[in-house]
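Taking it in order: structure first as structure tokens, then the write-up.
The values are calculated or read from the model by the stated rules, or taken from the named source; none is laboratory data. What you see is a predicted model, and the numbers here were worked out from it, not measured in a lab. Positions of Cβ are backbone-derived with ideal geometry, glycine not excepted, and every protein chain shown enters the neighbour counts. Keep in mind that these areas ignore ligands, DNA and RNA; they rest on the heavy atoms of the full protein, side chains included. Shrake-Rupley method; radii C 1.70, N 1.55, O 1.52, S 1.80 Å.
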Amino acid sequence: MKLLLVEDESKLVDSLSHLLRKNGFVVDTALDGQTGLEMACTDIYDIIVLDRMLPQQDGISLLKEFRSLGHNTPVIFLTAKDSPEDRAEGLDAGADDYLIKPFYSIELLARLKALTRRRGGAIAENVLTADDIILNPLRCQVLKGNEVIQLTLKESQLLELLIRNYGHVVTKEQIIQKVWGYFSEAEFTTVNLYIHYLRKKLKLSNLKTVWGVGYYLHKEKDAALAAN
């Protein structure tokens, strides 16, 4: 699950990033509103956590512009502005939720889970399945048959992305942005290497390559039906 955190307090950015990554999110951060808007408009994020008081562009105007451009990524405000009028203004600007600082980590995580459920997604603590693969992203573990296979964090995040797009090609550019991050220096060769790791560890005969484009998990059951 890919998350953008737009927040200018560096200590809070560090602590929140650690919390979110520990709970299975791939996190990118922006320290000002203008950068946050540019990153949000790439549409590579599943959810956005947004402060209201930001340098260069405040959170309300950022969100209004973001929504006016047609983007519908779920957004939760995380802010110290706590009056009823402030909350109403944030929700009217297009926010899906509004959480007041200081906050409890457990409540933030619960609200993020609720937003992803409404969007039809799943949060990392839930298992994901594709054919005979059962992935637990939080533990970076795969159950395949009777075997439990431990993955690295990046391997798990890559497999999660492929499962969530089951049957559809994920380009190498999308993989780098979703798994390694917006500012990553990862290259296509890095993606190729991790695909090799997954194939070797999991014996994935249905992990297919579209040369020059990307990869996808082939629907083996559908293929078998078509052959009949």
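With 0.36 nm allotted per residue and the present C-alpha distance subtracted, the LYS219-LEU19 stretch has 68.5 nm of extension available.
For the residue pairs LYS2/LYS208; LYS11/LYS172; LYS2/LYS144; LYS144/LYS178; LYS101/LYS172; LYS22/LYS64, alpha carbon separations beyond 27 Å are given by LYS11/LYS172; LYS101/LYS172; LYS22/LYS64.
A P(r) calculated from all alpha carbon pairs of segment 32-191, with 10 Å bins opening at zero, reads 9, 32, 34, 19, 6, 0 percent. Shape index of segment 132-228: Rg/Rh, with Rg the Cα radius of gyration and Rh the Kirkwood radius from the inverse mean 1/r over Cα pairs, equals 0.97. Starting from the Kirkwood Rh over alpha-carbon pairs, what translational D in µm² s⁻¹ does segment 1-127 have by Stokes-Einstein at 4 °C and 1.567 mPa s? Reported coefficient: 90 µm²/s.
Measuring nothing but alpha carbons in segment 1-45 and taking Rh as the Kirkwood radius, the Rg to Rh ratio lands at 0.96. Could you state how much accessible area GLU65 has, in square angstrom rounded to the nearest 10, with a 1.4 Å probe and all protein chains kept in place? Using a 1.4 Å probe on the heavy atoms, I get roughly 80 Å². In this simple spin-label model, placing a label point 7 Å from the Cα along the Cα-to-Cβ direction at both LEU153 and LYS101 gives a separation of 2.4 nm.
Helices meeting the span-like rule in the chain (full DSSP H runs, Cα extent of at least 27 Å along the helix axis, mean Kyte-Doolittle score of 0.5 or higher) are absent.
Need the full-extension length gain, VAL210 to HIS168, defined as separation in residues times 0.36 nm minus the C-alpha distance. One decimal, nm. If you can, show how the numbers build up before the last one.
Numbers: separation 42, 0.36 × 42 = 15.12 nm, distance 1.07 nm.
Roughly 14.1 nm would be gained on extension.
Ligands, DNA and RNA aside, LEU19 has an accessible area near 30 Å² when probed at 1.4 Å. Toward the positive end of the charge dipole of segment 18-140, with +1 on the Cβ of Lys and Arg and -1 on the Cβ of Asp and Glu, the farthest Cα among VAL27, LEU91, GLN57 is that of VAL27.
In this rough spin-label picture, where each label sits 7 Å from Cα along the Cβ direction, the LEU69-LEU193 distance is 3.3 nm.
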